[in-house]
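The values are calculated or read from the model by the stated rules, or taken from the named source; none is laboratory data. The model shown is predicted, which means the values in this text are computed figures rather than measured ones. Positions of Cβ are generated from backbone atoms using ideal geometry, with glycine treated the same way; all protein chains shown enter the neighbour counts.
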């Protein structure tokens, strides 16, 4: 709710109590150039790039200072007045306040001056700098300066390529001392491991003696660095940002579901990094290191081809083999429906949903389980819990635990039970058919393998190589979260959509499509053609949850496998 | 090796902390105290101060490097600070500095080979009316002449 | 008008002048005892009546500053008095003389000041190098405490006052009040953003008054004389009152600190007190510390308009204008600390500016861009010029860089660098041009008159 409005260059901008001019502008989409200010951090007002002309209240004079101009005609200096400008990140909004930003000649001069001063001792080593192409110094030079370098002396030299920790390398010569990285460590990570040392133009950022930059938000120091001072050892010298494209996705690392950009090179269909995607309701402006470094999972260790008996197989053949394995279920079901009673046999089927798969995938499998197999027993495959960091990362390392629960509830199932219970059941001989989604499980892999290998039929849909596809009779290759659009429900119950970013690898298809194909193979025809058909069943009312947005226009082609 | 204060200095700690409403405010006094004993602010001193104040070592080292009078590298037993700012410069501070360099055989910022003396230049030491001047350890020496400087430096090297 | 006084300096130079015995013999601590029976409002009004302008350089009325403090002390929000004795402004050496020569005046001033602003603790922030001053202050505090003038019940009055000395560690910027507060709190001495001002959130986030050391040490004297009487000592009464310390250094025959009634002229300071210019004719004078723009000896007051505050001195030498906060602002400079630095015509103004710009680069905290980078650039440009390699472009770059610092920084250090830079350029453009044209041969290329040995 707005508590008033200010005017920026004549444009009305609403503000909330406590907003500074730059914050109000940011929220309204009005750009005021800045380096040190960041919406998620305190404002030190040290870069002076966001200087604006705040008009004094009526009747009050502008604060002005005397400066000199050289008048070549008079061959003497003349004293001229200069308006005292205020940083927009420091100036609190008050109702009716008028601010000149892009329309003030004095502001333009000040920004040009600050920009020139920031580049004064900068090495301007853009060709070998990873920030090139997304560097504020480059952008603002073009926007606000555009003059050649006027200081021809040797710049101040400072340490370069300082290893701050496993993830971050620091170049003090490129640093503009904005202190964002220090503030990320103090304010976000609550670990004041970075600080400023020395004084004046000898200043540099450093790591606490006896420490490394090793907190779970170390990559956020690089993310907020507006210049090339901090670089990620994972991204350093790997790519040119202008060759990268970006997709809007959701981090799969834990149940928080941080909104992310996944940056990839379309020429080789390879992801290069994550970047947080701002969402005040979920992750603010941040992602943890664990999540940031999980992008390679989009293409590493993938199940790219179907497996039959552990050997590579063509997808068509694998689907036939899977149907064959499950054919007993088909006849069982027919018998059951003819007799008009719930036979004992369907209770020997266990269906495994996955907290690492989308709602669409889970719904498709659960729906077939209920409507075709008549299964009663749902289990959930999930990655084992890890440590929580009390900031963004939670113990539940799965992106869609809540989605699995919702799917089960929607279809009238009891809450899916842990995978360990399934293993017990299999050991006790209670189940002989298993159809599973997901690759990773939170039980001892060898024990699981041992037990699952006794099954009559085990069909696994999986994105990655792992315990379940390895031991299954038939494993069907599913797309990773990055290769197909999908819906995930985070720990807050927020429904979030991830776009398709990469082209699917190998024979991979969205798991829900594989489920549809398998059902068709078994003689159970489903009319679903697109994700929306499933989502309409799962989320009947339109949702306007935070983080939700349009589904990717680039959905993969429908899988056509004739039964 | 972890840094520890001598028992006599240790006794000053409680009195220092009692002056301030929080621990961090004792940062400068503790750095002074530790440097007085150790000669310079080593990583061990930084760690010790950080533990006493319950702050990060980054904070303490950041503070120590901000101020001119904490030495974060080993230095000589004695410090000669020659004021070089305007009032002293108007009375020959540059000549005093050059003379010290020659006499000690070192440049500003360096320490004599025997570790006796480190030579620094200082910015205005609030002794403008008695320029030129230098500070040797805790003492001000004012209205200097080159001959007076010789006597002072000789005394230092003998001590 | 030259009028020597001894309200502040009576005990200077006396062998035991810094002891409690001597201070008590001169009626010391009577005013502190009296102050503790007065209300805050009465004390603030006394100070306002004295028209005491802050002696630290900015010249803000001290009584008004005291009145900014919340009238009642909110629970859990103690007030603090912080005394700025980080004396480091080049050319300034007055506070040191007070701490060394008469430390009890400071301690007594702190008691009165604490009472006036509702504080129970005063910190005297002294630059580390001034070991004798710190020792004298600590000794004075111990003596006063032993006598029961400080502590839980000073003079038996239920109003606790403690005074502590806090040592700096070598950083000129800590003379800026918010840097000083950060330094007091054990942080890097980087200035804070204002608002909040110290009176709202100062030391430890609590309401705080920061007073210059000379200001607080003057308080016992103004109490003794009465605010109004004290103010009338000054020839500029009622605009600015009392007596204060004047200093003169550089090329004068008898440099030193002198207490005079406010309203002295630079001519009196240089010639009558400073014994005249040494080794030549007067070239110029920096009136009150290096941040105050330089005045040339041959400058005349240009104030033909009758409404101009300096009209009375129109056409006269700037040396004959009484030294006051407003009068010197009218001259395009500042009163500053009233410690003047004198340059004879044997000194090279290019080198003088170079010396000071090196100082500002060295002392910039580096927090904000214009000051951190601008001060470095000014020094670089002057390095080039002084090396004889300067061009007219370099000369014209100097005022552009100074302009880019002016007004664009977090604290007043920016203006403190840019104003004197612009001052030197404006007053000595011809000398700079000649210097550049001749590669320095036009100048004496010296600051000192002779080698120190020969003096």
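Among the residues of the stretch A:164-205, write down those that are within 12 Å of chain B (Cβ to nearest Cβ), touching a strand residue (DSSP E or B) at 6+ places or on another chain (Cβ under 8 Å) and part of a loop (DSSP other than H, G, I, E, B). Within the stretch A:164-205, A:164, A:179, A:193, A:198, A:203 qualify. Just one residue in the set C:337, C:341 is surrounded by 22 or more Cβ atoms within 10 Å (Cβ to Cβ) and assigned to a strand (DSSP E or B); that residue is C:341.
Within the stretch A:120-134, residues that are part of a helix (DSSP H, G or I) have Cβ atoms under 7 Å from residues that are surrounded by 20 or more Cβ atoms within 10 Å (Cβ to Cβ) in these pairs: A:120/C:373; A:120/C:377, counting only partners at least 6 apart in sequence or on another chain.
Considering only the stretch B:47-56, state which residues are assigned to a helix (DSSP H, G or I) and in contact (Cβ under 8 Å) with a residue 12 or more places away in the chain.
B:47, B:48, B:49, B:52, B:53
Of the residues making up the stretch A:208-225, just one is within 15 Å of residue B:55 (Cβ to Cβ), surrounded by fewer than 23 Cβ atoms within 10 Å (Cβ to Cβ) and touching a residue at least 12 places away in the same chain (Cβ under 8 Å), namely A:211. A single entry from C:409, C:417 fulfils the requirement of being part of a loop (DSSP other than H, G, I, E, B), in contact with a helix residue (DSSP H, G or I) (Cβ under 7 Å, 6 or more places away or on another chain), at pLDDT 95 or above and assigned by TED's automatic domain parsing to the domain that holds residue C:373: C:409. Residues being touching a residue at least 60 places away in the same chain (Cβ under 8 Å) and part of a helix (DSSP H, G or I): count how many of those fall in the stretch A:226-267. The total comes to 2. Taken together, B:150, B:137 contain a single residue that is out of contact with any helix residue (DSSP H, G or I) (no Cβ under 7 Å at 6 or more places or on another chain) and either at pLDDT below 95 or within 13 Å of chain C (Cβ to nearest Cβ) (or both), which is B:137. On inspection, residue C:91 does not qualify as more than 11 Å from chain B (Cβ to nearest Cβ), in contact with a strand residue (DSSP E or B) (Cβ under 6 Å, 6 or more places away or on another chain) and in contact (Cβ under 8 Å) with a residue 40 or more places away in the chain.
The residue of the stretch C:406-428 that is farthest from the chain's Cα centre (by Cα), among those that are crowded, with 24+ Cβ neighbours inside 10 Å and more than 10 Å from chain A (Cβ to nearest Cβ), is C:424. Restricting A:106, A:143 to residues that are at pLDDT 95 or above, farther than 30 Å from residue A:244 by Cβ and outside any loop (DSSP other than H, G, I, E, B) narrows the list to A:106. Hey, among the residues in the stretch B:47-79 that are touching a strand residue (DSSP E or B) at 6+ places or on another chain (Cβ under 7 Å) and within 13 Å of chain C (Cβ to nearest Cβ), which one's farthest from residue A:200 (Cα to Cα)? My answer is B:79.
For the stretch A:178-196, filtering for residues that are crowded, with 21+ Cβ neighbours inside 10 Å and either in contact with a helix residue (DSSP H, G or I) (Cβ under 7 Å, 6 or more places away or on another chain) or modelled with pLDDT under 95 (or both) leaves 9.
Can you tell me which residues in the stretch C:177-193 are over 22 Å from residue C:63 (Cβ atoms) and either part of a loop (DSSP other than H, G, I, E, B) or more than 14 Å from chain B (Cβ to nearest Cβ) (or both)?
Residues of the stretch C:177-193 that are over 22 Å from residue C:63 (Cβ atoms), as a first pass: C:179, C:182-193.
Those that are over 22 Å from residue C:63 (Cβ atoms) and either part of a loop (DSSP other than H, G, I, E, B) or more than 14 Å from chain B (Cβ to nearest Cβ) (or both): C:185, C:186, C:187, C:188, C:189, C:190, C:191, C:192, C:193.
Of the residues making up the stretch C:362-372, those that are at the interface with chain A (Cβ under 7 Å from one of its Cβ atoms), free of Cβ contacts under 8 Å to residues at least 60 places away in the same chain and more than 10 Å from residue A:202 (Cα to Cα) number 3.
Taking residue C:57 as the residue in question, decide whether it is modelled with pLDDT under 95, in a loop (DSSP other than H, G, I, E, B) and within 14 Å of another protein chain (Cβ to nearest Cβ).
On the way: modelled with pLDDT under 95: yes; in a loop (DSSP other than H, G, I, E, B): yes; within 14 Å of another protein chain (Cβ to nearest Cβ): yes.
So residue C:57 passes the test.
The residues listed here are A:271, A:296; of these, the one that is within 23 Å of residue A:439 (Cα to Cα), touching a helix residue (DSSP H, G or I) at 6+ places or on another chain (Cβ under 6 Å) and not in a loop (DSSP other than H, G, I, E, B) is A:271. Counting only residues that are surrounded by fewer than 16 Cβ atoms within 10 Å (Cβ to Cβ) and over 27 Å from the mean Cα position of the chain (by Cα), the stretch A:371-416 holds 5 of them.
For (1) within 20 Å of the chain's Cα centre (by Cα); (2) within 26 Å of residue B:115 (Cα to Cα); (3) not assigned by TED's automatic domain parsing to the domain that holds residue B:111, each residue gets a yes or a no:
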{"residue": "B:21", "(1), (2), (3)": "no, no, yes"}
{"residue": "B:26", "(1), (2), (3)": "yes, no, yes"}
{"residue": "B:46", "(1), (2), (3)": "yes, yes, yes"}
{"residue": "B:50", "(1), (2), (3)": "no, no, yes"}
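Can you tell me how many residues in the stretch B:112-126 are closer than 23 Å to residue C:359 by Cβ and either over 17 Å from the mean Cα position of the chain (by Cα) or more than 7 Å from chain C (Cβ to nearest Cβ) (or both)? It would help to see each step written out before you state the result.
Taking the stretch B:112-126 as the starting set, the residues that turn out to be closer than 23 Å to residue C:359 by Cβ are B:118-126.
Narrowing further to those that are either over 17 Å from the mean Cα position of the chain (by Cα) or more than 7 Å from chain C (Cβ to nearest Cβ) (or both): B:118-122.
So the count comes out to 5.
Being touching a residue at least 40 places away in the same chain (Cβ under 8 Å), surrounded by fewer than 19 Cβ atoms within 10 Å (Cβ to Cβ) and either assigned to a helix (DSSP H, G or I) or touching a strand residue (DSSP E or B) at 6+ places or on another chain (Cβ under 7 Å) (or both) is a property that holds for residue B:44. Scanning the stretch A:29-58 for residues that are on the phi < 0 side of the Ramachandran plot, within 11 Å of chain C (Cβ to nearest Cβ) and surrounded by 20 or more Cβ atoms within 10 Å (Cβ to Cβ) returns A:35, A:36, A:43, A:44, A:46, A:47, A:49, A:51. May I ask you to verify whether residue A:424 is free of Cβ contacts under 8 Å to residues at least 24 places away in the same chain, assigned by TED's automatic domain parsing to the domain that holds residue A:454 and under 17 Å from residue A:350 (Cβ atoms)? Answer is yes for this residue. Among the conditions (1) surrounded by fewer than 24 Cβ atoms within 10 Å (Cβ to Cβ); (2) facing another protein chain (nearest Cβ under 10 Å); (3) assigned to a helix (DSSP H, G or I), the only one that residue C:376 does not satisfy is (1). Taking (1) without any contact (Cβ under 8 Å) to a residue 12 or more places away in the chain; (2) within 19 Å of residue C:427 (Cβ to Cβ) in turn, residue C:357 satisfies each apart from (1). Criterion applied to A:161, A:108 was being away from every other protein chain (no Cβ under 12 Å) and under 29 Å from residue C:398 (Cβ atoms), and the one residue passing it is A:108.
Here are some residues: A:262, A:293, A:244. Which one is farther than 30 Å from residue A:319 by Cα and buried (at least 23 other Cβ atoms within 10 Å of the Cβ)? Give the derivation first.
On the way: A:293 fails: buried (at least 23 other Cβ atoms within 10 Å of the Cβ); A:244 fails: buried (at least 23 other Cβ atoms within 10 Å of the Cβ).
Step by step, each of A:262, A:293, A:244 is checked, and only A:262 is farther than 30 Å from residue A:319 by Cα and buried (at least 23 other Cβ atoms within 10 Å of the Cβ).
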